[in-house]
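What follows is a short report on a single structure.
The values are calculated or read from the model by the stated rules, or taken from the named source; none is laboratory data. Please read these numbers as outputs of a predicted model, since none were measured by experiment. Note: ideal-geometry Cβ built from the backbone for every residue, glycine included; neighbour counts use all protein chains shown. Side chains included, ligands, DNA and RNA excluded: accessible areas come from the protein's heavy atoms. Shrake-Rupley method; radii C 1.70, N 1.55, O 1.52, S 1.80 Å.
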Amino acid sequence: MKAEDEKARGCKAQDTRPLTEKYSPLSFGQVIGNEQAINVLRALARRKFKKPILITGPTGTGKTTLARLFAHSYLCTGIRPDGADYCGACKECHEVQDDKTDMFGRRLIEEVSAAAGEGAGLKYVLDWRDYGHGPLILDECDRMLKQQHHLLPMVQQFTHPMILTTVYEDKLDQQLRGRCVQCA
């Protein structure tokens, strides 16, 4: 059905986004539970912490949401109202909120699922290392079983943090885990 037909019939266009995106928290204050992880991530974002961060926990507990909130708060350069995670008015906040890309299609916050296929996660990390200009979220990083050792020398080189999320912390290389600040 075309938009004109929907309008003529009094129908509203449906929001087809997944519920996890449609109702995802927009600030740490809207997240229910995970208080300890929220406090750690909030403090690290305000200090512009650049080392890798590992967020672990069961499926559906908000690991990726926390990673996105950290990245947005980390990038904010404006003056934040008391208790706010980001100002919402600076150039960086507008770019994140509007999901803007540069002329090469890169976002300020990049997110890739390591489950995207064999080698896809590592290729993305290498590209981000060379061309990225904001935090990288590497979701389901435990799926990079063969490529984890390639991440070891890279995780300390970045000018912005790499945020790793996983359900299966025990599948991660012990040295990689040791180089990350861990939030559970």
- Task: Hand me the list of helices (runs of 4 or more DSSP H) wholly inside the range 19-88 holding 2 or more residues that are closer than 27 Å to residue 153 by Cβ and charged (D, E, K, R).
- Result: 63-75
- Query: Got a number for residues in the range 152-168 being within 18 Å of residue 63 (Cβ to Cβ) and without any contact (Cβ under 8 Å) to a residue 60 or more places away in the chain?
  - Reply: 1
- Query: What tally of residues in the range 50-63 results from selecting those that are on the phi < 0 side of the Ramachandran plot and open to solvent by 30 Å² or more (accessible area, probe 1.4 Å)?
  - Reply: 5
- Message: Considering only residues that are modelled with pLDDT of 75 or more, within 29 Å of residue 77 (Cβ to Cβ) and open to solvent by 70 Å² or more (accessible area, probe 1.4 Å), which ones fall in the range 112-143?
- Response: none
- Might you check whether a residue that is at pLDDT below 85 and open to solvent by less than 80 Å² (accessible area, probe 1.4 Å) occurs anywhere in the range 34-49? yes
- Given the conditions (1) closer than 26 Å to residue 171 by Cα; (2) touching a Lys or Arg at 6+ places or on another chain (Cβ under 8 Å), report the number of the one that residue 28 does not fulfil. (1)
- Can you pull out the residues in the range 89-111 that are under 17 Å from residue 45 (Cα atoms), crowded, with 17+ Cβ neighbours inside 10 Å and modelled with pLDDT of 85 or more? 92, 93, 96
- Determine if the range 72-88 includes at least one residue that is without any contact (Cβ under 8 Å) to a residue 40 or more places away in the chain, within 25 Å of residue 166 (Cα to Cα), surrounded by fewer than 18 Cβ atoms within 10 Å (Cβ to Cβ) and not basic (Lys, Arg). no
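What are the residues in the range 144-184 that are open to solvent by 90 Å² or more (accessible area, probe 1.4 Å) and either over 17 Å from the mean Cα position of the chain (by Cα) or among the acidic types (Asp, Glu) (or both), if any? If you could, list the steps in order and put the result at the bottom.
Restricting attention to the range 144-184, the residues satisfying the condition of being open to solvent by 90 Å² or more (accessible area, probe 1.4 Å) are 145-146, 149, 156-157, 159, 168, 170-171, 174-175, 179, 182, 184.
Those that are open to solvent by 90 Å² or more (accessible area, probe 1.4 Å) and either over 17 Å from the mean Cα position of the chain (by Cα) or among the acidic types (Asp, Glu) (or both): 145, 146, 149, 156, 157, 168, 170, 171, 174, 175, 179.
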